[in-house]
């Protein structure tokens, strides 16, 4: 993708062992729905939350330079593929489910006066710190975020020397549902919360991006949560 952007190509074609994007990992879900078109932002979220179809950075570059991406198979002749472009998902509320079976979840409490230093350190690690959220109550700021397991050591080292801070971290899993303006739909978020409650799946955090709703859950509930979201929302 970087080469296509540098050359000003009309589009970038990526061939692999899968014929494009599906509503869930074909290795995990029975008969997932094939997605023939997807917009950059939705695909960026799907891949950022664990789908391996293409690297999130490649999607980010394609979006920046408006280079369409064709995702196709190099081993099948069925002719399926997925075109990634600027507007393709409009009207499709639930597009796909993705997730990671292991992440580290961080919660940092610090007096508001020290928040600037905390954010300065996190900014140095911005490629590792995912979906940060900040709240303030009684002059105490709470910063919550998740990180891939390989980033835990570097992030912990950066945080441990900040004075007057209280740091909690733990191993969890993350599952996301992505789609067009999904996070702007209270009805969709209510449906996701209801599914979690009905199936007695606890969660420590529910967050949103422009295209996704994600939940941080105990690791033992990872596979079941993915299956429920896919069966009830996407399939």
Residue within region 208-231 that is free of Cβ contacts under 8 Å to residues at least 24 places away in the same chain and part of a loop (DSSP other than H, G, I, E, B) present: no
Some residue of region 120-133 being assigned to a helix (DSSP H, G or I), surrounded by 13 or more Cβ atoms within 10 Å (Cβ to Cβ), at pLDDT below 95 and not assigned by TED's automatic domain parsing to the domain that holds residue 57: yes
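Every residue, every condition in (1) at pLDDT below 85; (2) more than 30 Å from residue 172 (Cβ to Cβ); (3) surrounded by 20 or more Cβ atoms within 10 Å (Cβ to Cβ); (4) out of contact with any helix residue (DSSP H, G or I) (no Cβ under 9 Å at 6 or more places or on another chain), yes or no:
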position: 23; (1), (2), (3), (4): no, no, yes, no
position: 60; (1), (2), (3), (4): no, no, no, no
position: 64; (1), (2), (3), (4): no, yes, no, no
position: 75; (1), (2), (3), (4): yes, yes, no, yes
position: 80; (1), (2), (3), (4): no, yes, no, yes
position: 89; (1), (2), (3), (4): yes, no, yes, no
Test: residue in region 41-56 that is surrounded by 18 or more Cβ atoms within 10 Å (Cβ to Cβ), farther than 25 Å from residue 104 by Cα and modelled with pLDDT of 85 or more: no
Residue 180 outside any helix (DSSP H, G or I), under 27 Å from residue 55 (Cα atoms) and modelled with pLDDT of 95 or more: no
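One line per residue, one yes/no per condition, for (1) within 30 Å of residue 203 (Cβ to Cβ); (2) outside the structural domain of residue 188 (by TED's automatic domain parsing):
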{"residue": "6", "(1), (2)": "no, yes"}
{"residue": "22", "(1), (2)": "yes, yes"}
{"residue": "50", "(1), (2)": "yes, yes"}
{"residue": "63", "(1), (2)": "yes, yes"}
{"residue": "81", "(1), (2)": "no, yes"}
{"residue": "95", "(1), (2)": "yes, no"}
{"residue": "103", "(1), (2)": "yes, no"}
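The values are calculated or read from the model by the stated rules, or taken from the named source; none is laboratory data. Remember, it's a predicted structure, so these values are computed and weren't measured experimentally. Glycine gets a Cβ as well: all are built from the backbone with ideal geometry, and neighbour counts include every protein chain shown.
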